[in-house]
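Q: So that we are looking at the same thing, I have put the structure below in structure tokens.
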């Protein structure tokens with residue numbers, strides 16, 4: 001029953017959207033009608049931002065607004081312990097930024113671009129501060145796309161083109177994916193006529209949960225254990241024989257290959273000549289798919305987005321605890337696009353609860 | 001239709017709860033079975049915190065944990081522009097605090113008490129910092145309840161007992177009110193197995209919206225215009241004759257008197273000898289109820305919680321832009337109680353969306 005409390009609202013339609021179509025049966029993901037493979041191969045994340053926010057494919061290259069971190073945001077980040085979770089640092093940066101900018105109702109696409117541009121700068125600054133380094137001058141990376149800006153903000157160097165391109169494709173496929181828990185959070189907050197920064201803070205908080213943000217470094221650990229494509233067949237056969245789950249394969253929604261994985265593989269194949277870590281991922285995937293088809297011929301598991309996500313994030317040099325923050329930075333596009341849509345069309349989201357507590361009772365005597 | 005997207009999920013049951021019963025027909029509000037009037041008259045907010053978090057009426061007086069603001073939280077607050085919205089400052093303080101304390105899964109009642117104790121200290125510190133004053137030493141207010149701590153954190157002085165008692169009753173009736181948009185936000189975030197600070201940040205963000213946090217200073221503006229009970233009858237008659245809405249009367253859910261208003265009036269009557277601003281509110285309410293009954297004899301509007309909320313917050317000396325932050329501080333009890341309940345029983349909350357966007361289309365040529 002859709003309205004049953006134990007369903008977690010599964011099957012209950014909470015919003016109409018024109019932003020993306022997640023078609024699990026056909027293995028299709030469309031952003032505003034455009035297939036994710038086309039976007040990853042021929043687009044760029046910054047243009048996808050324009051598509052998601054404005055609804056149409058931008059005719060010219062988009063460049064995000066500059067993201068010089070203000071003294072307000074820097075004070076918040078500098079005050080954090082170096083041991084804190086980077087996603088908490090990102091949430092705090094968004095919160096301080098929203099406070100400073102007084103992001104009042106109604107939300108705008110310009111505000112969304114500011115928040116999207118803030119993400120790479122804030123994650124990079126925190127990554128450097130906890131390493132006892134100063135944040136980079138973000139003016140040096142204003143010509144770059146958001147994905148390349150993240151690499152620059154972490155390293156302070158002009159990023160390697162193959163790495164930047166691979167991360168840009170990752171950002172593209174992670175930019176949006178329908179009404180998941182974090183995107184729903186952003187819509188609920190926006191439905192009260194609250195501001196965009198509040199919506200994004202809430203969404204980052206929801207992404208922190210293990211049931212949503214997941215454990216994206218597990219694929220990387222698996223590939224590290226395999227080490228070389230020559231060991232892949234034996235390693236995978238043994239894992240399957242022990243009944244273990246192969247990380248990076250199988251998906252709750254997609255019954256066939258996850259279109260985001262397919263899109264990232266396509267980009268990886270083109271870049272593999274310049275990045276041998278991508279070649280290893282492709283080769284191991286081929287072995288894994290062959291063995292998974294042998295293992296369950298009727299319903300073989302297919303590659304999911306986590307597989308290439310982990311490969312790309314490791315390949316571009318991100319520490320594992322920056323994987324989910326990088327995802328959050330990319331997903332800020334989807335969160336804000338949904339918030340804008342909710343602001344345009346939505347009503348206050350306020351479901352009911354069912355009271356199953358004690359009957360009315362008097363306070364204990366003598367209180 | 002409950003699952004219709006345009007309903008804002010109204011009528012859809014998203015959670016079972018034992019925390020509170022909002023009974024609009026009978027004008028009853030129960031916290032874990034105890035009637036709000038009993039709690040406001042005989043309880044204290046700090047004990048209500050124990051009731052909401054632990055499920056049973058605490059046999060001894062509760063005192064919240066100390067709330068000395070850490071250098072991390074102070075750095076975040078000091079970095080904010082003095083012009084920023086106090087609710088944004090509170091959200092940022094919660095975020096920085098959560099980052100520092102690494103509030104990981106699962107949430108606990110002890111974590112909840114830390115967040116509830118942080119609220120008064122953070123709002124008070126921001127109120128002083130923007131006034132170019134130093135935050136008070138919170139060790140001086142550790143013996144006080146949360147409501148009195150808020151007054152101390154703002155003024156730096158031991159609060160007047162009648163004011164502290166009135167604000168405590170306000171905190172009590174605002175501590176919890178079922179599955180509104182901010183509480184639902186806290187439950188959605190928690191349903192991903194995220195942490196309590198993330199849930200509270202999201203909830204503060206939702207409360208910022210005008211459709212949820214409302215405009216609580218409007219009653220105060222009205223009372224300021226009336227000025228004296230002798231002018232009340234003429235002022236109210238003229239307002240009703242002009243077809244204007246009387247602020248502080250009528251409620252979406254409660255068909256009879258809002259039980260929170262009734263509870264606060266009871267407290268106000270006892271305190272009126274020591275606080276003449278409470279006597280004015282009581283007298284004007286009597287006039288208003290009489291005239292509203294004349295105006296619509298079949299379905300006269302009754303006092304709602306906003307009426308006394310505004311009176312109490314003005315009476316204790318809060319600036320109007322601290323009204324909603326004070327509410328947020330009190331409601332942190334309900335938010336965290338719901339988060340704990342969600343963590344115990346709930347599943348990932350992930351409703352569906354309906355795609356109504358463009359059909360699949362190719363990227364424009366030349367991209």
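Q: Name every residue in the range A:12-34 that is in contact with a helix residue (DSSP H, G or I) (Cβ under 8 Å, 6 or more places away or on another chain), crowded, with 19+ Cβ neighbours inside 10 Å and at pLDDT 95 or above, in order of residue number.
A: A:17, A:19, A:20, A:29, A:30, A:31, A:32, A:34 - these are the residues of the range A:12-34 that are in contact with a helix residue (DSSP H, G or I) (Cβ under 8 Å, 6 or more places away or on another chain), crowded, with 19+ Cβ neighbours inside 10 Å and at pLDDT 95 or above.
Q: A further question on this structure: Just to be sure, is residue B:153 farther than 13 Å from residue B:69 by Cβ and either away from chain A (no Cβ under 14 Å) or surrounded by fewer than 18 Cβ atoms within 10 Å (Cβ to Cβ) (or both)?
A: So residue B:153 does not fit the description; no.
Q: If you don't mind, there's one more thing I want to ask. Looking at (1) more than 12 Å from every other protein chain (Cβ to nearest Cβ); (2) modelled with pLDDT under 95; (3) surrounded by 15 or more Cβ atoms within 10 Å (Cβ to Cβ), can you tell me which one residue B:175 breaks?
A: (2)
Q: What is the number of the single condition among (1) within 14 Å of chain A (Cβ to nearest Cβ); (2) within 22 Å of the chain's Cα centre (by Cα) that residue B:167 does not meet?
A: Condition not satisfied by residue B:167: (1).
Q: Here is a further query. If I ask for residues that are surrounded by fewer than 16 Cβ atoms within 10 Å (Cβ to Cβ), without any contact (Cβ under 8 Å) to a residue 12 or more places away in the chain and more than 25 Å from residue B:321 (Cα to Cα), which ones from the range B:230-265 would you list?
A: B:230, B:231, B:234, B:238, B:241, B:242, B:243
Q: Look through the range B:178-192, keep the residues that are in contact with a strand residue (DSSP E or B) (Cβ under 9 Å, 6 or more places away or on another chain) and farther than 22 Å from residue B:146 by Cβ, and return whichever of them is farthest from the other protein chains (Cβ to nearest Cβ).
A: It comes out as B:187.
Q: Hey, among the residues in the range A:22-39 that are within 7 Å of another protein chain (Cβ to nearest Cβ) and either assigned to a helix (DSSP H, G or I) or touching a residue at least 60 places away in the same chain (Cβ under 8 Å) (or both), which one's nearest to residue B:357 (Cα to Cα)?
A: First, the residues of the range A:22-39 that are within 7 Å of another protein chain (Cβ to nearest Cβ): A:30, A:32-35, A:38.
Going one step further and asking which of them are either assigned to a helix (DSSP H, G or I) or touching a residue at least 60 places away in the same chain (Cβ under 8 Å) (or both), we end up with A:35, A:38.
Numbers: A:35: 13, A:38: 18 Å.
Checking each candidate, the answer is A:35.
Q: So, one more: Just to be sure I understand, how many residues within the range B:289-311 are touching a residue at least 40 places away in the same chain (Cβ under 8 Å) and not in a helix (DSSP H, G or I)?
A: 4
Q: Mind telling me which of the residues A:118, A:129, A:90 ends up being more than 23 Å from residue A:345 (Cα to Cα) and more than 16 Å from the chain's Cα centre (by Cα)?
A: A:129
Q: Give just the number: which of (1) crowded, with 24+ Cβ neighbours inside 10 Å; (2) away from every other protein chain (no Cβ under 14 Å) does residue A:131 not satisfy?
A: With respect to (1) crowded, with 24+ Cβ neighbours inside 10 Å; (2) away from every other protein chain (no Cβ under 14 Å), residue A:131 is out only on (1).
Q: Would you mention how many residues in the range B:193-229 are surrounded by 24 or more Cβ atoms within 10 Å (Cβ to Cβ), farther than 14 Å from residue A:198 by Cβ, within 7 Å of another protein chain (Cβ to nearest Cβ) and touching a helix residue (DSSP H, G or I) at 6+ places or on another chain (Cβ under 6 Å)?
A: 1
Q: Could we say that residue A:318 is under 14 Å from residue A:216 (Cβ atoms), assigned to a loop (DSSP other than H, G, I, E, B) and away from chain B (no Cβ under 11 Å) here?
A: Details: under 14 Å from residue A:216 (Cβ atoms): yes; assigned to a loop (DSSP other than H, G, I, E, B): yes; away from chain B (no Cβ under 11 Å): yes.
It is true that residue A:318 is under 14 Å from residue A:216 (Cβ atoms), assigned to a loop (DSSP other than H, G, I, E, B) and away from chain B (no Cβ under 11 Å).
Q: Of the residues in the range A:276-288, how many are surrounded by fewer than 21 Cβ atoms within 10 Å (Cβ to Cβ) and touching a residue at least 40 places away in the same chain (Cβ under 8 Å)?
A: So the answer is 3.
Q: Also, quick follow-up: Any chance the range A:86-97 includes a residue that's at the interface with another protein chain (Cβ under 10 Å from one of its Cβ atoms), crowded, with 21+ Cβ neighbours inside 10 Å and in a loop (DSSP other than H, G, I, E, B)? Before you say what the answer is, go through the steps one by one.
A: Just the residues of the range A:86-97 that are at the interface with another protein chain (Cβ under 10 Å from one of its Cβ atoms), to begin with: A:86-97.
If we keep only those that are crowded, with 21+ Cβ neighbours inside 10 Å too, we end up with A:86-97.
Narrowing further to those that are in a loop (DSSP other than H, G, I, E, B): none.
Scanning the range A:86-97, I find no residue that is at the interface with another protein chain (Cβ under 10 Å from one of its Cβ atoms), crowded, with 21+ Cβ neighbours inside 10 Å and in a loop (DSSP other than H, G, I, E, B), so the answer is no.
Q: Does the range B:321-349 hold any residues that are in a loop (DSSP other than H, G, I, E, B) and crowded, with 24+ Cβ neighbours inside 10 Å, and which are they?
A: Correct list: B:349 only.
Q: Tell me yes or no: at least one residue of the range B:100-108 is within 10 Å of chain A (Cβ to nearest Cβ), in contact with a helix residue (DSSP H, G or I) (Cβ under 9 Å, 6 or more places away or on another chain) and outside any loop (DSSP other than H, G, I, E, B).
A: Yes.
Q: Out of curiosity, is residue B:331 within 14 Å of chain A (Cβ to nearest Cβ), at pLDDT 95 or above and in contact with a strand residue (DSSP E or B) (Cβ under 7 Å, 6 or more places away or on another chain)?
A: Considered against the rule, which asks whether it is within 14 Å of chain A (Cβ to nearest Cβ), at pLDDT 95 or above and in contact with a strand residue (DSSP E or B) (Cβ under 7 Å, 6 or more places away or on another chain), residue B:331 comes out as no.
Q: Are any residues in the range B:163-178 farther than 15 Å from residue B:42 by Cα and not in a loop (DSSP other than H, G, I, E, B), and if so, which ones?
A: B:163, B:174 - these are the residues of the range B:163-178 that are farther than 15 Å from residue B:42 by Cα and not in a loop (DSSP other than H, G, I, E, B).
Q: Please go through the range B:48-78 and pick out each residue that is within 8 Å of chain A (Cβ to nearest Cβ), surrounded by 23 or more Cβ atoms within 10 Å (Cβ to Cβ) and not in a helix (DSSP H, G or I).
A: Result: no residue meets the conditions.
Q: What is the one condition in (1) touching a residue at least 24 places away in the same chain (Cβ under 8 Å); (2) crowded, with 21+ Cβ neighbours inside 10 Å; (3) within 7 Å of another protein chain (Cβ to nearest Cβ); (4) outside any loop (DSSP other than H, G, I, E, B) that residue B:9 does not satisfy?
A: Against the list (1) touching a residue at least 24 places away in the same chain (Cβ under 8 Å); (2) crowded, with 21+ Cβ neighbours inside 10 Å; (3) within 7 Å of another protein chain (Cβ to nearest Cβ); (4) outside any loop (DSSP other than H, G, I, E, B), residue B:9 comes up short only on (4).
Q: With respect to residue B:67, determine if the residue is modelled with pLDDT under 95, within 30 Å of residue B:210 (Cβ to Cβ) and in contact with a helix residue (DSSP H, G or I) (Cβ under 6 Å, 6 or more places away or on another chain).
A: yes
Q: Among the residues of the range B:252-262, are any in a helix (DSSP H, G or I), closer than 22 Å to residue B:204 by Cα and away from every other protein chain (no Cβ under 14 Å)?
A: Yes - at least one qualifying residue is present in the range B:252-262.
Q: Another one. Is it true that some residue in the range B:266-273 is in contact with a strand residue (DSSP E or B) (Cβ under 6 Å, 6 or more places away or on another chain) and crowded, with 21+ Cβ neighbours inside 10 Å?
A: no
The values are calculated or read from the model by the stated rules, or taken from the named source; none is laboratory data. This is a predicted model, so every value here is computed, not measured. Glycine gets a Cβ as well: all are built from the backbone with ideal geometry, and neighbour counts include every protein chain shown.
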